[in-house]
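Down below is the structure, laid out as structure tokens.
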Amino acid sequence: MTKKKAGLLVDIIMYALMLTQMLYVFTTNNVHEVIGVVFFVCLIIHLIIKKWWFLTAFRKGQSRSRLFFNILTVILMLTVVLLMISSMGVSRFLFPWFTFLGSSDLHRYMATAALTLAVIHGCMHCIWRAKNTRLAIVLTVLAGIAAVSIGLFAVPYMNRHLKKVEIGSSDKVHGSKVEWVGEKPLVVYFTRVGNTDFDPDVDAVSGASLLISDGELMGSNRLLADMVGDMLDCEPVAITLTGERYPSSYNATISVAGDELRAQARPDIEPIDVSGHDSIILIYPLWWGSIPMPVASFLEQNDFSGKTIYLIISQGSSGFGSTVSEIEDLCPGANVVPGASIYCEDVPDARETLLETIRDWSE
Ligand SMILES: Cc1cc2nc3c(=O)[nH]c(=O)nc-3n(C[C@H](O)[C@H](O)[C@H](O)COP(=O)(O)O)c2cc1C
């Protein structure tokens, strides 16, 4: 096999591996990590085969397209280095001892950037060879947009719709405690599970961020609340609907929640009295970039002036969205303190992050 053919084969394998990595909701974590290592081995072979590039890249008198390609390639290499370090940082199977840059947000964004830049990098070779350069440029831009969309939208969408994780919640919940200086806060949470009419057969239930703990469905935010409750040695209180509950289908819930948000509905909930507490830890999911309307019902039912509301959110890629300002608007006179924002997939392993957050707050 010629060097050129070997290079092409390695490139094709690398693109296939990158796309497979995006489907990690199906391949599962351990396979994802192993494929990651195979990818980096292929990358080293690719760099050895293309070592001439390093010698010629920054010679004077290059065409504009060459210069663009070279700059793009340098950024791609930096991105891949960050992707590699963050991959090890978030690793739970192959490199659990490595924690530097262990941010799953960073890892996801670097993966999207690396895929997009690699697609454009590959397409530029085609532009140089193409008979119809304009068409090749248009196709390159479209391929770049497709790559960004896969990373930013398709992967989180697949995760939200298809992910079901089985855990033993007691292993995840129990651990180090935090001494809260002063009166302990009240921990209040909202979760879809518990406010939804699910099929009693767990295996028949499909949908996002569903945790199965010891054979029972458990909401992500319930698990987070149990972790915080364990740290502070207190019993979290759930925001519970008294009227109509959410439908069991994830898509139907999305649509109902969207209607509620547009109407600024205030669904009926069981009353929760916060009057005896100076501080409240509120744990909730991001819905449509906003707070779920039952959380708004809870906030409106109480007077929070002079109190501190600490926030912990779980989300499917959008951070706190607009929830902090919404909560400030709903609770005039309250001190609203955002803390941990947990990506839904990281919920089962969020205890360490929560511990740091609660320790910061407790001082
Ligand atoms: C109705 C609905 C709307 C959602 N909207 C968003 C969103 O706008 N942005 C986001 O990042 N995640 C969104 N998500 C994902 C949830 O925030 C995430 O899966 C969360 O961990 C669910 O927590 P739970 O299992 O305790 O209900 C949405 C989920 C649902 C059910």
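Mind checking which residues of the stretch 308-330 are in a helix (DSSP H, G or I) and crowded, with 18+ Cβ neighbours inside 10 Å?
THR323, GLU326, ILE327, LEU330
Just one of the numbered conditions (1) more than 9 Å from the ligand (Cβ to nearest atom); (2) out of contact with any Lys or Arg (no Cβ under 9 Å at 6 or more places or on another chain) is not true of GLY319; which one?
Among (1) more than 9 Å from the ligand (Cβ to nearest atom); (2) out of contact with any Lys or Arg (no Cβ under 9 Å at 6 or more places or on another chain), GLY319 violates only (1).
For the stretch 41-67, give me each residue that is loosely packed, with under 15 Cβ neighbours inside 10 Å and touching a residue at least 40 places away in the same chain (Cβ under 8 Å).
LYS50, SER65
Would you point out which residue out of MET231, MET218, MET293, MET227 is open to solvent by less than 60 Å² (accessible area, probe 1.4 Å), more than 9 Å from the ligand (Cβ to nearest atom), free of Cβ contacts under 8 Å to residues at least 60 places away in the same chain and assigned by TED's automatic domain parsing to the domain that holds GLU345? Can you show your working first?
Values: MET231 fails: free of Cβ contacts under 8 Å to residues at least 60 places away in the same chain; MET218 fails: more than 9 Å from the ligand (Cβ to nearest atom); MET227 fails: free of Cβ contacts under 8 Å to residues at least 60 places away in the same chain.
Criteria check complete, one pass: MET293.
Please identify the pairs in which a residue from the stretch 134-163 that is closer than 18 Å to ARG108 by Cα has its Cβ atom under 8 Å from the Cβ atom of a residue that is among the basic types (Lys, Arg), counting only partners at least 6 apart or on another chain.
GLY151/ARG108; VAL155/ARG108
Residues checked against (1) open to solvent by less than 40 Å² (accessible area, probe 1.4 Å); (2) aliphatic (A, V, I, L, M); (3) modelled with pLDDT under 95:
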| site | (1), (2), (3) |
| --- | --- |
| HIS107 | yes, no, yes |
| LEU117 | yes, yes, no |
| ARG129 | no, no, yes |
| ASN132 | no, no, yes |
| ILE145 | no, yes, no |
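Going by the conditions given, is SER248 in the same structural domain as TYR343 (by TED's automatic domain parsing), over 16 Å from ASN195 (Cα atoms), touching an Asp or Glu at 6+ places or on another chain (Cβ under 8 Å) and more than 10 Å from the ligand (Cβ to nearest atom)?
no
The values are calculated or read from the model by the stated rules, or taken from the named source; none is laboratory data. On a predicted model such as this, the values are computed, not experimentally measured, just so you know. As a convention, Cβ positions derive from the backbone with ideal geometry for all residues, glycine included, and neighbour counts pool all protein chains shown. Calculation scope for accessible area: heavy atoms of the full protein, side chains included, ligands and nucleic acids excluded. Shrake-Rupley method; radii C 1.70, N 1.55, O 1.52, S 1.80 Å.
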